[in-house]
Amino acid sequence: MTSENIIQWQEGCKLDISDFQKERDINDSYTFTAYKIEFYPLEVVVDRNDYIQGYKDLTVVAEFHMNESHFHPDYEADLLKFEQLTFDIAELFARKIRKKFEEMKTEKERRFSAYQYEYNVLLKACRAYQSEFRKATNSGWESQKEINTWEAKIHNELNALQKYSIKPL
């Protein structure tokens with residue numbers, strides 16, 4: 001399920017400057033990618049015993065929020081790759097969450113609280129990974145060699161979890 005203001009991560013699709021649609025405050029000297037790793041289906045039905053109805057359909061999707069993302073016009077050539085990698089990291093952790101959810105489904109885990117717990121653990125790990133990426137690349141201002149090193153690392157990890165990729169909903 002894609003709205004006109006949300007882009008779900010897809011293999012081979014790259015962000016474009018035009019995807020960053022939030023008006024930038026004149027004082028903002030940076031670029032910002034707003035992403036979310038969203039539960040699907042959006043309306044998860046949970047009964048009074050904390051059991052998810054249709055738990056086998058539960059998944060997550062990495063989404064880029066166009067209306068919350070902005071791009072500083074002076075940095076087009078320098079930062080678009082960094083912002084794409086930020087979104088790629090969101091997909092990396094969406095795959096890690098999907099993998100964990102698949103393991104839980106195999107064990108016939110139906111409690112929403114169990115899924116929510118694992119989601120929160122991996123979301124926290126995603127934020128730590130993003131922070132490490134920002135520091136190592138100086139938020140995209142580091143040498144192209146450093147950014148290329150991170151790009152290879154992220155794509156190798158995505159490829160290792162290829163089994164857990166999904167087509168956009």
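The values are calculated or read from the model by the stated rules, or taken from the named source; none is laboratory data. Note that the structure is predicted; figures quoted are calculated from it, not measured. Every residue, glycine among them, receives a Cβ derived from its backbone with ideal geometry; neighbour counts consider all protein chains shown. To get the accessible areas, we keep the full protein, side chains included, count just its heavy atoms, and leave off ligands, DNA and RNA. Shrake-Rupley method; radii C 1.70, N 1.55, O 1.52, S 1.80 Å.
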Of LYS96/LYS153; LYS14/LYS108; LYS81/LYS124; LYS81/LYS153, which ones are farther than 25 Å apart at the Cα?
-> LYS14/LYS108
Could you estimate the translational diffusion coefficient of region 60-151 from the Stokes-Einstein equation, with Rh from the Kirkwood formula over C-alpha pairs, at 4 °C and 1.567 mPa s, in whole µm²/s?
-> 87
So for the pair ASN67, GLN162, with labels modelled 7 Å out along Cα→Cβ, what separation do we get in nm?
-> 3.7
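Using DSSP to define loop residues, name the trypsin sites (Lys or Arg not before Pro) in region 78-169 whose beta-carbon has at most 14 other beta-carbon atoms within 10 Å.
Sparse-neighbourhood loop trypsin sites (Lys or Arg not before Pro): LYS108.
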Counting only heavy atoms of the protein chains, get the accessible area per residue of the chain (1.4 Å probe) and round it to a whole Å² value.
-> 57
Between the DSSP loop rule and a limit of at most 16 other Cβ atoms within 10 Å, which chymotrypsin sites (Phe, Trp or Tyr not before Pro) in region 133-169 are left?
-> TRP141
Taking the Cα centre of region 106-169 as the origin and placing charges on Cβ (Lys, Arg +1; Asp, Glu -1), which of ILE154, TYR129, TYR164 is farthest toward the positive end of the dipole?
-> TYR164
With the convex hull built on the Cα atoms of the chain, state its orientation-averaged projected area in nm².
-> 10.5
Compactness relative to 2.2 N^0.38 Å, alpha carbon Rg of region 47-90 = 1.91
For LYS105 and ASN5, compute 0.36 nm times the residue count separating them, minus their Cα-Cα distance, and round to one decimal in nm.
-> 32.9 nm
Estimated distance in nm for a label pair at GLU23 and GLU146, the labels positioned 7 Å out from Cα along Cα-to-Cβ = 3.5
Taking DSSP loops as anything outside H, G, I, E and B, show the longest stretch in the chain free of GluC sites (Glu not before Pro) there with at most 14 other beta carbons within 10 Å.
-> 44-106
For the chain, built as a Gaussian network whose Cα springs stay under 10 Å, the top-fluctuating residue of ILE37, ILE147, ILE52 | ILE52
How many percent of the accessible area of the chain is carbon or sulfur, using a 1.4 Å probe?
-> 48
